[in-house]
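Peer 1: The structure's right below; bear with me while I get my questions together.
The values are calculated or read from the model by the stated rules, or taken from the named source; none is laboratory data. Computed from a prediction, not measured in an experiment: that's the story for all the values here. Counting neighbours? That spans all protein chains shown, and the Cβs are built from the backbone with ideal geometry, glycine included.
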Amino acid sequence: MLNAGTHAVHGTVRDEQVPAPGAKVTVTSGTGRGLTASVGSDGRYALYGVDGEVTIAATLDGFDPDARTVDIENNNTTLDLT
């Protein structure tokens, strides 16, 4: 169950075209700061409880982090990271 006024964001984390299982996706600023999801074997993740302008970062040992700032306004937001 989402808190009132918050939404979900989902997407994939890939290295080139290959899924990056084991990566961590974290909300580093905005509503939902501190929320973290683990990336599954298919490269997919989902975060629940975000809203407005947020920065989301993907990290995996041995790889450069990828961070993006997006505006979350509904539950249909997709953010793919590399």
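Peer 1: Considering only residues of segment 43-57 that are at positive phi and assigned to a strand (DSSP E or B), which is surrounded by the fewest Cβ atoms within 10 Å (Cβ to Cβ)?
Peer 2: Checking each candidate, the answer is Gly52.
Peer 1: A further question on this structure: For Arg44, indicate whether it is modelled with pLDDT of 95 or more, under 12 Å from His10 (Cα atoms) and touching a strand residue (DSSP E or B) at 6+ places or on another chain (Cβ under 8 Å).
Peer 2: Numbers: modelled with pLDDT of 95 or more: yes; under 12 Å from His10 (Cα atoms): yes; touching a strand residue (DSSP E or B) at 6+ places or on another chain (Cβ under 8 Å): yes.
So Arg44 passes the test.
Peer 1: Restricting to segment 58-81, give me the number of residues that are among the β-branched types (Val, Ile, Thr), surrounded by 16 or more Cβ atoms within 10 Å (Cβ to Cβ) and more than 13 Å from Thr6 (Cα to Cα).
Peer 2: Going residue by residue through segment 58-81, those that are among the β-branched types (Val, Ile, Thr) are 59, 69-70, 72, 77-78.
When the remaining residues are screened for being surrounded by 16 or more Cβ atoms within 10 Å (Cβ to Cβ), the result is 59, 70, 72, 77.
Restricting the remaining residues to those that are more than 13 Å from Thr6 (Cα to Cα) gives 59, 70.
The total comes to 2.
Peer 1: Here's another thing I want to ask about it. Identify, by number, the condition in (1) part of a strand (DSSP E or B); (2) surrounded by 13 or more Cβ atoms within 10 Å (Cβ to Cβ) that Gly40 doesn't meet.
Peer 2: (1)
Peer 1: If I ask for residues that are closer than 25 Å to Val18 by Cα, of a type outside the set (Phe, Trp, Tyr) and outside any strand (DSSP E or B), which ones from segment 58-82 would you list?
Peer 2: Correct list: Leu60, Asp61, Gly62, Asp64, Pro65, Asn76, Leu79, Asp80, Thr82.
Peer 1: Tell me which of these Arg14 doesn't satisfy, since it passes every other one: (1) surrounded by fewer than 16 Cβ atoms within 10 Å (Cβ to Cβ); (2) assigned to a strand (DSSP E or B); (3) charged (D, E, K, R).
Peer 2: Unmet condition: (1).
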